[in-house]
Amino acid sequence: MNVASVSNMSKITVYQFMIYDAANGQMRKSCRWATRERIDWLHGEVLEHTAVQVDAQLIGGEIDAMSAINFDPHAVVGFQRQAR
């Protein structure tokens, strides 16, 4: 992949969010990041201050519009962040 194609990757905004944990009967922070639309679909609570733009190809590998478990959007930019 050349530098020009890296700069042309589409970006997507993802957030951390709170979700109801039925097993514990309380809200907890999800171990995934997701788009606002997916969080709304899950009836979760968006944590607005966590908004970050990432390459769209990093989201949706396992579940549409969501990151892999324990995804770190603040990892070093320019290198693969996780194995697929």
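Available extension along the chain between residue 29 and residue 72 is 14.1 nm, counting 0.36 nm per residue and deducting the alpha carbon span. Sorted on the mean count of surrounding Cβ atoms within 10 Å across their residues, most packed first, peptides 14-22, 56-64 read 14-22, 56-64.
Computed from the Kirkwood radius of its Cα pairs, the Stokes-Einstein diffusion coefficient for region 3-58 at 10 °C and 1.306 mPa s stands at 128 µm²/s.
Throughout, read-outs are computed from the coordinates displayed, never taken from laboratory work. For clarity, every value in this text was computed on a predicted model and none was experimentally measured. Quick reminder, even Gly has a Cβ in these numbers, built from the backbone with ideal geometry, and neighbours come from all protein chains shown.
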